[in-house]
Amino acid sequence: MEIKVAKSAGFCWGVKRAVNMAIDTLRKGKNTYCLGELIHNRREIERLKRLGMKFIDNMENLKRGDTVIIRSHGVSPRIIKELKNKGTSIVDATCPFVKDVHEKAMKLEKEGYPVLILGNPNHPEVIGIAGHLKSPLIASTLEEVEAIPKMAKLGVVCQTTLNLNFFREAISTLASKVKELKVYNTICSATSIRQKEARKLASKVDVMLIIGGKNSSNTTKLYQISKSVNPRSYHIESKEDIKEEWFREAESIGITAGASTPKWVIDEVVNYLSTLYKGGELSGRGVCQTTG
Ligand code: F3S
C-alpha cells in the first residue's frame with residue numbers, strides 16, 4: 001500500500017502561533033482562560049485542558065487579573081473592550097491574516113462601500129469580522145449572493161478559509177449587478193495551498209483520508225473538495241474512525257489534514273495505516289510525502 005501525505009497537511013502558521021502562545025502563557029502558571037475553543041480540534045483541546053487551560057463560552061465569571069487568550073479566529077472590538085473593562089490580561093493570538101481582513105473590511109466601510117463578507121455567518125472568524133463593521137452583509141451560498149439586490153457600490157472581503165471556487169462564482173455573480181465592486185480576496189494562502197493540494201492528491205490516489213475536527217470549517221472544505229474528485233474520500237478525526245473496508249482493492253491512500261490538525265494526530269493515522277498493511281500483499285512502497 002502506498003501512503004502519500006500532503007506536504008501542506010496539518011497546522012497552518014497562524015494556528016501553530018496561537019497554540020504556542022497559549023502554551024507559553026500556561027507555562028507562566030497564570031490562570032488562563034480561552035474564549036471558545038482555541039482551535040477546532042477536539043483532541044488538541046483535550047491536551048490543552050490537561051495542561052491547565054480553561055475553556056469558557058462567555059465572560060461572565062472572569063475576574064481582574066485572569067489571563068484570556070484570544071484565539072486565531074479573532075473577536076469583535078466589543079469583546080476586547082469588555083475584557084479590558086473586567087481588568088483581565090489579554091493574550092491576543094488572532095492570526096495576523098485575520099487582522100488584515102478586519103482592517104480591509106473597515107477600510108472599505110470608511111470609503112463608503114457597503115461591505116459583504118463571504119463566509120459562514122456562524123463561524124467565529126466571520127462573527128469577529130462582522131463585529132468590526134456597522135452593518136455588514138454576509139453570504140455563505142451562491143443563492144444568498146444571487147439574492148443581493150442591484151447596487152451602485154459594494155466592497156467584499158471573505159473568510160480566510162473560504163472555498164476558492166465559491167469565491168470566484170460569487171464575484172462573477174456580483175460583477176453583473178454591482179456598478180462599483182471593490183474586492184479583497186482575503187483567502188489565506190495556507191488555505192488555498194491546502195485546497196489545491198487536496199484536489200490534486202485526491203485525483204491521484206484510490207482512497208483519500210482527510211483528518212481534522214468535524215467542527216473544523218477548513219477541514220470540512222478539504223473533505224468536500226476531495227470528495228468532488230474522489231468519491232472514496234473520508235473525513236476522520238482520528239485513527240479510531242478508520243474502517244478497513246474503505247481500502248478494499250486500493251493500492252494507494254492519500255492523506256491531508258486541516259489547518260487545525262496537530263502533527264501528532266496525523267502521525268498516529270500514518271503509523272496505524274503502515275502497521276495495518278505491513279507485510280500485506282499491498283505493502284512495500286512505504287510512506288512518502290507529496291509536493292502536491
Ligand atoms: Fe491564519 Fe491562514 Fe491559518 S488566516 S489561522 S494562517 S489558515
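The values are calculated or read from the model by the stated rules, or taken from the named source; none is laboratory data. These figures come from a predicted structure and were not determined experimentally. Quick reminder, even Gly has a Cβ in these numbers, built from the backbone with ideal geometry, and neighbours come from all protein chains shown. Protein only, heavy atoms only, side chains kept; ligands, DNA and RNA dropped before computing areas. Shrake-Rupley method; radii C 1.70, N 1.55, O 1.52, S 1.80 Å.
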query = Any idea what Rg and Dmax come out to for the range 1-77 if you just take the C-alpha atoms, in Å?
reply = 14.7, 56
inquiry  = If you average the C-alpha positions of the range 145-169 and of the range 92-116 separately, how far apart do those two centres end up, in angstrom?
reply    = 15 Å
note = Measuring from its Cα centre, the chain shows a charge dipole (+1 at each Lys and Arg Cβ, -1 at each Asp and Glu Cβ) which, in debye to the nearest 20, is 940 debye
task = With label points built 7 Å along Cα→Cβ from the Cα atoms of K200 and K182, find their separation and express it in nm.
result = 3.5 nm
note = Counting only residues 5 or more apart in sequence or on a different chain, those whose built amide H sits under 5 Å from that of S233 are M208
key: Share of alpha-carbon pairs per 5 Å distance bin for the range 112-270, given as whole %   = 2, 9, 17, 18, 16, 12, 10, 8, 5, 3, 1, 0
ask   = From the cross-link list K7/K239; K54/K99; K84/K134; K16/K153; K99/K204, which pairs have alpha carbons spaced over 26 Å apart?
value = K16/K153; K99/K204
ask   = What residues qualify as long-range amide H neighbours of I69, i.e. H under 5 Å apart, gap of 5 or more or another chain, H built at 1.01 Å from N?
value = Y33, C34, L35, V91
inquiry  = Which three extents, in angstrom, do the Cα atoms of the chain have along their principal axes, listed largest first?
reply    = 64, 55, 25
ask   = So what are the ³J(HN,Hα) numbers for the range 98-112, from phi and the Karplus equation (6.51, -1.76, 1.60; θ = phi - 60°), rounded to whole Hz, Gly and Pro as x?
value = 6, 4, 4, 5, 4, 5, 5, 5, 5, 4, 4, 5, 4, 7, x
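Can you give the calculated 222 nm mean residue ellipticity of the chain, where each DSSP H run of n ≥ 4 adds -39,500 (n - 2.57) and the sum is split over every residue, rounded to the nearest 500 deg cm²/dmol?
So the calculated ellipticity at 222 nm is -12000 deg cm²/dmol.
Averaged per residue, what accessible surface does the chain expose to a 1.4 Å probe, in Å²?
48 Å²
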ask   = Efficiency by 1/(1 + (r/R0)^6): what FRET value for Q224 and K63, r their Cβ-Cβ distance, R0 = 45 Å, to the nearest 0.05?
value = 0.60
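At a Förster radius of 25 Å, what calculated FRET efficiency corresponds to the Cβ-Cβ distance of D92 and K153, to the nearest 0.05?
0.15
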ask   = Roughly speaking, to the nearest percent, how much of the chain's 1.4 Å accessible area is carbon and sulfur?
value = 50 percent
